[in-house]
1. Need pairs with beta-carbon distance below 8 Å; first residue more than 8 Å from every other protein chain (Cβ to nearest Cβ) and β-branched (Val, Ile, Thr) and within the stretch A:49-69, second part of a loop (DSSP other than H, G, I, E, B) and surrounded by 18 or more Cβ atoms within 10 Å (Cβ to Cβ); sequence gap 6+ or separate chains.
2. Could you tell me which numbered condition A:Thr208 fails, if it satisfies all but one of (1) in contact with a Gly (Cβ under 8 Å, 6 or more places away or on another chain); (2) modelled with pLDDT of 95 or more?
3. For the stretch B:145-183, enumerate the residues that are closer than 18 Å to B:Glu123 by Cα and not in a strand (DSSP E or B).
4. Within the stretch B:1-17, take every residue that is among the small types (Gly, Ala, Ser) and within 15 Å of B:Gly165 (Cα to Cα) and give me the one that is farthest from the other protein chains (Cβ to nearest Cβ).
5. What number of residues within the stretch A:15-64 satisfy the criterion of being part of a helix (DSSP H, G or I) and at pLDDT 80 or above?
6. Which residue is nearest to the other protein chains (Cβ to nearest Cβ), if the candidates are limited to the stretch A:157-172 and must be among the hydroxyl-bearing types (Ser, Thr, Tyr) and free of Cβ contacts under 8 Å to residues at least 40 places away in the same chain?
7. Considering the stretch B:55-82 alone, what residues qualify as being surrounded by fewer than 16 Cβ atoms within 10 Å (Cβ to Cβ) and within 21 Å of A:Tyr46 (Cβ to Cβ)?
8. Only one of B:Thr111, B:Thr118 is surrounded by fewer than 16 Cβ atoms within 10 Å (Cβ to Cβ) and either away from chain A (no Cβ under 14 Å) or not polar (S, T, N, Q) (or both); which?
Amino acid sequence: MPNPRMESQMLNEAIFEQLSTPGQEKQAADAINEFTRTTMREDGVYRKVIPPLTITPDDLDRQYDTDKPSKIIDKEPGNPPAVSLPFGTLPVNTYILGPRYRVSFDRIVSPRFVKDVVELQTWSMDIRQVMSDNAIKDMLTEEDSKFFATTNTAMGGSQGATNPTTGVVQWQAISGGVSRNSLEEAKKIMPRTPFHLEAVTAIVNNVTIKDVEKWGRDEMGGDFSQDLVKQGWSEKNFLGLNFIITIKRDLVPDDSMFMYADPKFIGKNFNLEDTTMYIKKEAYMVEFFAYQCSGGAIGHSGGLARADFT
Amino acid sequence: MPTPVMMFDHALSPLKGWFSPYAIDFSGKLDATVTTDPVYAGRVVHCSGYSSTGIPQFKPGHNGRSVPIFLLNGTDQLDVNNPGGNHWKSIAPAGFLSGLVGIACYELESTEFDTAQTYLHNEYLRAVRSDSAANAGTLTNQIITLYTTSVCAQVSRGKRTNQHGVSTLSFWTHFLPGSEATS
């Protein structure tokens, strides 16, 4: 049972020790003045699934009816199947046609932060740095939000819906909780499409993964179960998948797992303007905001799958 | 084969008051109940409410006390929508429209108005309120009773044919709410 009185006493003793030790005054001052953080933020997940490519204006494809930037991407065409024929017979013609898709762009911006510089001087933390660092992580969250929304739409829009492109339900409910059996059932979703893809990346949130930590020795297969109990989850590769654990529970709900094929089977993620911080100081007023211009599209929905464990 | 549409066929040109970081603009998404398609740049929308995730929802036109918003971009533009049907799904853009709020002061020029009418200097303008009509959100000087009908602008330089050969109407934004019902 934690003893707050004892902990507080130990902290005070540590501070007094530092104050009385020559040269330690600054460390003590830092410990006292260090600001209290409130929110955990993380890097973007979308960029780990489909790594961004830098695109320059020369790479863009001009359109006659708009000067908005866009890029046309070729997609692998379908082939009619090979057939067997008797002698003296030629094959049927197939005129070469193929699909393409368009990637378009927009901006993601942070709020525009404004402040009188005199008021900035009363903060012991560098509040500008804290807010700009958090703003950039929030911009990555906005990217992730669009990515997961598009993933859900591309699979058919809701659990149990048939993807019109593949004819398969790629967003399924799987019973049995988060078990070895149910995770393997989830891995079967993607190969069931006509495109025979395998999941390469799996994404769950930081609550769901704790159910995997509960797996006993026989379910996990050996000492790994003991290691999980002692040290918690730290694996990046599991079940043959690259596992990404996210804290964004509003995008990746509890007991859900998103699965993605190799990015070359999914789509594109382009950076036209990398994240830029605009800063302006006019007299005693300072303002700053961050912005970026990026585009992305899922060109092939066969490389997506989602399992909701019930 | 349909006639190609050029980028200046449906547009809003701010003559005065924008581009400025201090300009009052507002962003949101088109309400799912709106069937008018497309809702072009230069048309008027109003904020009818917020989605469950806090995103402002736009509907074409305005009436009653709804504040008019003049769209800088339309639903047919690539920085708003990139529809791919079943062939692709766009991650960016995400369907956000943005416009200039009509209670701030701008002089604007729009292609989206009733071109059959004559427009006199200082005449009041309203925007057609409908979720389904093809002319939803377009400007007109017809059937306006001051303080009953909601007004969004007054004619400034008037109607002209611009350098692209497209008919446009110039006006100053001026919001006068009306006693008519807000819908």
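The values are calculated or read from the model by the stated rules, or taken from the named source; none is laboratory data. Please read these numbers as outputs of a predicted model, since none were measured by experiment. Ideal geometry is used to build each Cβ from the backbone, glycine not excepted, and the neighbour counts take in all protein chains shown.
1. What qualifies is A:Val49/A:Ile266; A:Ile50/A:Ile266.
2. So A:Thr208 meets the others, but not (1).
3. Of everything in the stretch B:145-183, those that are closer than 18 Å to B:Glu123 by Cα and not in a strand (DSSP E or B) turn out to be B:Thr145, B:Tyr147, B:Thr148, B:Ser150, B:Pro177, B:Gly178.
4. The extreme case among them is B:Ser13.
5. Result for the stretch A:15-64: 7.
6. Filtering the stretch A:157-172 for residues among the hydroxyl-bearing types (Ser, Thr, Tyr) gives A:158, A:162, A:165-166.
Right, trim to free of Cβ contacts under 8 Å to residues at least 40 places away in the same chain and you get A:158, A:162.
Working: A:Ser158: 15, A:Thr162: 12 Å.
By that ranking, first place goes to A:Thr162.
7. Answer for the stretch B:55-82, where residues must be surrounded by fewer than 16 Cβ atoms within 10 Å (Cβ to Cβ) and within 21 Å of A:Tyr46 (Cβ to Cβ): just B:Ile55.
8. On the way: B:Thr111 fails: surrounded by fewer than 16 Cβ atoms within 10 Å (Cβ to Cβ).
Within the list B:Thr111, B:Thr118, the selection yields B:Thr118.
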